[in-house]
Amino acid sequence: MNSTDPSERLQNARLLLVTDPRPDLVERVAAAVRGGVDIVQLRDKRASTQELLSLAKKLNEVCEDASALFTVNDDVELARLCGASGVHLGQEDGPVEFARRSLGAHALVGRSAGSVDEALEALQEGADYLGIGTIYATPTKPEGEVAGPALLREVARAGLPVPWFAIGGITFETAREAAGAGAWGFAVVRAVLDAEDPEAAARELRSFLDHSTS
């Protein structure tokens, strides 16, 4: 059984689901956490804090029922209002210190990083976990803008003391290579949310990482 302490649950996390707007999102997230998603990150760059608050509260409840962690992308105020476990900050977002001061000492604060140097800088800031990428091409990131599995090997060699998740184009076709390159965990969107069976999709993706679980 998972610990109720967010920081302890984070240490065992391997699969992070980043959401996108869709009408059946709550049902799909519920299925995904049943399949082994450890962290759900609510991301909707178009909607306001107030527009997302009801959805955030529902997703937080779904995650709590499954002993999964729930975080919010960028929006520290939304994370505070809905009682999320924490917030994920991009490179251009505010400082980790501000987020932790706003959310409390036990809140989880993640940070995106596109290089080992950015990852080390995020650790100096006090980030609890990292999203590393973009690794593979996605609809929003063409091939020329991605780092490839070489970045995962570099980060793995750096021996970071916090969990980190390969993000960007992680699919059933790329997951084995990403895991082989040393990825601690995966951050996924469409591979789970677009699946006919999100629970089965999450379980299969998690299986690529079984070698690194205790």
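The values are calculated or read from the model by the stated rules, or taken from the named source; none is laboratory data. In this text the structure is predicted, and so the values were computed from the model without any measurement. Quick reminder, even Gly has a Cβ in these numbers, built from the backbone with ideal geometry, and neighbours come from all protein chains shown.
Among the residues of the stretch 44-60, write down those that are under 20 Å from Gly131 (Cα atoms) and surrounded by fewer than 18 Cβ atoms within 10 Å (Cβ to Cβ). Walk me through it before giving the result.
First pass over the stretch 44-60, keeping only residues under 20 Å from Gly131 (Cα atoms): 44-45.
Result: Lys45, single match.
With the condition kept exactly as written, say whether any residue in the stretch 142-163 is over 21 Å from Asp20 (Cα atoms), among the small types (Gly, Ala, Ser) and in contact with a helix residue (DSSP H, G or I) (Cβ under 8 Å, 6 or more places away or on another chain).
As a first pass, look at the stretch 142-163 and keep what is over 21 Å from Asp20 (Cα atoms): 143-145, 147-163.
Checking the rest, the ones that are also among the small types (Gly, Ala, Ser) come to 144, 147-148, 150, 156, 158-159.
Keeping just the survivors that are in contact with a helix residue (DSSP H, G or I) (Cβ under 8 Å, 6 or more places away or on another chain) gives 158.
There is at least one residue in the stretch 142-163 that is over 21 Å from Asp20 (Cα atoms), among the small types (Gly, Ala, Ser) and in contact with a helix residue (DSSP H, G or I) (Cβ under 8 Å, 6 or more places away or on another chain).
Of the residues that sit in the stretch 153-189 and are of a type in the set (Lys, Arg) and either under 18 Å from the mean Cα position of the chain (by Cα) or under 16 Å from Ala119 (Cα atoms) (or both), which one is surrounded by the fewest Cβ atoms within 10 Å (Cβ to Cβ)?
Arg157
With respect to Gly133, is the statement that it is at pLDDT 95 or above, over 15 Å from Val116 (Cβ atoms) and in contact with a Gly (Cβ under 7 Å, 6 or more places away or on another chain) true?
No: the conditions fail for Gly133.
Show the residue pairs that are 6+ apart or on different chains and have beta-carbon atoms under 6 Å apart, the first residue being within the stretch 125-152 and more than 18 Å from Asp93 (Cβ to Cβ), the second being at pLDDT below 95 and β-branched (Val, Ile, Thr).
Tyr136/Val146; Ala137/Val146
Checking the condition closer than 19 Å to Leu193 by Cβ and free of Cβ contacts under 8 Å to residues at least 24 places away in the same chain, which residue from Asp24, Asp20, Asp44 passes?
Result: Asp24 is the single residue among Asp24, Asp20, Asp44 that is closer than 19 Å to Leu193 by Cβ and free of Cβ contacts under 8 Å to residues at least 24 places away in the same chain.
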